[in-house]
Amino acid sequence: MVAPTVNFSQGYSALGTAFSLRGVSSLALQTGIQPSTAMVVDGVALARQAEFIARLSDIDRIEILNGPQGTLFGKNSTAGVISIVTKAPTNRFEASTQVMATNDSEYEVKGMVNVPVTDAIRVRLNAFYDNQHPLIRNVGPAPDVQGAQSYGANVKVDFDLTDTLDFRLAATYSHTNSSGGQFVAVGPNVFGYAAAGATVCRCVPTINTNERAIDLYQTRNVSGTLNWSLSDALTFVSITSFSRFTENEGIDEGLTPFQVIVGQATPAPGAGGVLFQGVDPGFKNRNPDEFRYVSEEARLNYVADRFNAVAGAYYQDYHERYDLNLPNILDGSLVGAAPGMPYYVNRIPHTRETDRAASVFADSTVAITKMFKAFAGVRYTNERVHVDYHRDDYFGPAALFDQLTGVFAAPPVDTVDATSTHNENSVSGRAGLQLEPNEHMNFYASFAHGYKAPAANLGQYLIAGTDPIIKPETANAVEVGAKLRLLDNRVAINAALFEEWIHGIQLTVIQPTGATFTNVLINAGSLRTRGVEADAEWAVTPQLRVGGAIAYNQTAYSGFNFTCNSTQEATGTCPNYPIPGFQRLDGQQAIEAPKIKYSLNANYASTLPGTSIGYYGQVDWTWNSPIYYELGQDPISREPAHGLLNASVGFRGGRDHNWEVQLFAKNLTNKLFYSYMNNIGILGRPIGYVTRDYQRYGGVRLTYRF
């Protein structure tokens, strides 16, 4: 069961996707911003959430820690941590294979093998291949979209060096080629133009484009984990990791079959009479992004009868190279020139960022009495963020642009250079009390203060003379809660009341700029999030388990002014306060944050009479209230309330149930929804992004364990 405060948004690329907790999101439309919700896989803190490879699951457990974190392990975070622990190599031979096929032509193969090489060496290997046929039809000359092909592997080798010392070497690689980042028109653009055969509605989309959509990204990681039992109470852990991520993406910006393709003579600038054309400069030149980092974490864990403690240090050295070549052809009427004459417009940034973070941390829990415990932790962080930014701006008649070579025969009309270094020192921590009347009841109250590093504006729209680095994000949070196990552990209940203030919340937002738009990285004032969350699970019988979860989360921005939204401008309802064309965001709901979200699930498992064949059925329902995807609460960016119903049935048999057949269905009610929307007048009011389950599909999954 997924925690009710976890939400997911998908943008045009892997790095544009984001998980959020309790309404705190840091969706990055361009790079340079760390996630408010940290993700940790097998003890390694990921620099970006896109590095997590869900298909290489082999997951043992998932732990969600809400609120500011940093005193126990890993990096700082302001919203919380999603910690994923995968299965470790075991001392017996295991192997499995799994194949999956769906009714909409997705095919997947997974394999796992676990080999005890010797009594002291164990190896576990996972691999997968997935091919998803595109889900959205393109009636134009470019390929269909919303498809993907991916493959990857993970290997873990455990070494027992002595009776008290062991070491794990792990390596992961994945490769994905996806067209899932192509947006679609949900509403009409300001020109009233729609390509022939393309849909412009809240419906199953069809597009008509001539530029292929592609998001090609690769992840690589190597890590080593040393565990040394110094005594019965004291353990030393060291986690060393190297990661590299590369991505290049391109989508059809104009949603027409008249995009200009470098190397092709047609369509030419101004073709089709459209006023806005994207230009494809060639995939390798479009948007190359590469980052790499090394990290080291060392900690001592002490566990005794009444006193538990951890103390450690963390270091990360992060380097990123980001370039963007995103030219457009605009009609003269959009740039203050003669209508009917096309103009070439482009801003090409070349940026480099480094982020070196060094921390020391400590946390302890003390049993004051048999029932009362106190816990407290502190973290000191020094973080140095450095950015070198260079951008060339081009503008002029499209006649100067050679679309066969991609060369614009005029010098830049402007050049923007910026170099900035921020050296931040921060102290974060937590403190609280626990009451445990017995082993089945745990009540707690806590306060936490968190920190997230400064973010860097690496995109196209840095204003000359401004600092490319924005301020860090800080947070204060209080929480009270209870964890109960009742009826001989057949009922589990968890509940919490929480309130958190995020100061200097970091967001990438889209703002209108004349006829076009800009992506702007900002500190959007403060964000308050407060509410209640609860989940419960009940083993009704040995065969039947039911569960549910609910979250009520009231979020509100304050202390920030933002441009009036398009609906306000069109209806004359813009407050024009504190200055013309602006509004105060005070009290407005946070983006990507439903006020109410709940889920229900049931699982029944038994055995066919007179046989050893087991069967099971699972059903789950998740619903969330309306959300906004853009600041300013523009009704155009509002996603209505919706629910998703998923179900599966399966059979298991053979020795130790070593074979399994499962039939599954996703989004059974066929509820269309969008995972992200933007109001961009020249493209669509709004444009939308969809995920894999935006419409109903089902399939079969076959598993065999050796």
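The values are calculated or read from the model by the stated rules, or taken from the named source; none is laboratory data. The structure presented is a predicted model; accordingly, all values stated were derived computationally and were not measured. Because the Cβ atoms are built from the backbone with ideal geometry, glycine has one as well, and the counts that use them run over all protein chains shown. Side chains are part of the model used for accessible areas, which takes the heavy atoms of the whole protein and leaves out ligands, DNA and RNA. Shrake-Rupley method; radii C 1.70, N 1.55, O 1.52, S 1.80 Å.
Listing for the model above:
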| read-out | value |
| --- | --- |
| Integer Hz, Karplus 6.51/-1.76/1.60 couplings in order for region 674-683, x for Gly and Pro | 10, 7, 6, 9, 10, 9, 10, x, 6, 10 |
| Ratio of the Cα radius of gyration of region 342-451 to 2.2 N^0.38 Å, where N counts its residues | 2.10 |
| Cβ-derived FRET efficiency at R0 45 Å, Arg638 paired with Tyr616, nearest 0.05 | 0.70 |
| Region 287-429 - accessible surface per residue (Å², probe 1.4 Å) | 45 Å² |
| Dipole axis of region 443-534 (+1 Lys, Arg; -1 Asp, Glu on Cβ), positive-most option in Asn489, Ala464, Tyr451 | Asn489 |
| Dipole in debye (nearest 20) - region 429-562, about Cα centre, beta carbon charges: Lys, Arg +1; Asp, Glu -1 | 140 debye |
| Out-of-range pairs (alpha-carbon distance over 19 Å; input Lys373/Lys452; Lys87/Lys110; Lys597/Lys671; Lys452/Lys595; Lys471/Lys595) | Lys373/Lys452; Lys452/Lys595; Lys471/Lys595 |
| Student exercise, region 578-706 dipole from Lys, Arg, Asp, Glu Cβ charges, in Debye to nearest 20 | 300 debye |
| Förster-model FRET efficiency, 45 Å R0, Arg306 and Asp392, C-beta, rounded to 0.05 | 0.10 |
| Test item: Cα-centred dipole of the chain, Lys/Arg +1 and Asp/Glu -1 on Cβ, debye | 1300 debye |
| Reach of Lys370 by Cα under 26 Å, taken over lysines that are not fewer than 8 positions away in the same chain | Lys483 |
| Area projected by the alpha carbon convex hull of the chain, averaged over all directions, nm² | 31.6 nm² |
| Kirkwood Rh (inverse of mean 1/r, distinct Cα pairs), region 463-567, angstrom | 17.6 Å |
| Dimensionless Rg ratio for region 525-598, taking C-alpha atoms and the 2.2 N^0.38 Å reference | 1.75 |
| The chain: relative contact order as a whole-number percent, Cα under 8 Å and 6+ apart | 11 percent |
| Helix-derived mean residue ellipticity, 222 nm - over the chain, DSSP H n ≥ 4, -39500 (n - 2.57), to 500 | -500 deg cm²/dmol |
| Portion, in percent, of the accessible area of the chain that falls on carbon or sulfur, probe 1.4 Å | 59 percent |
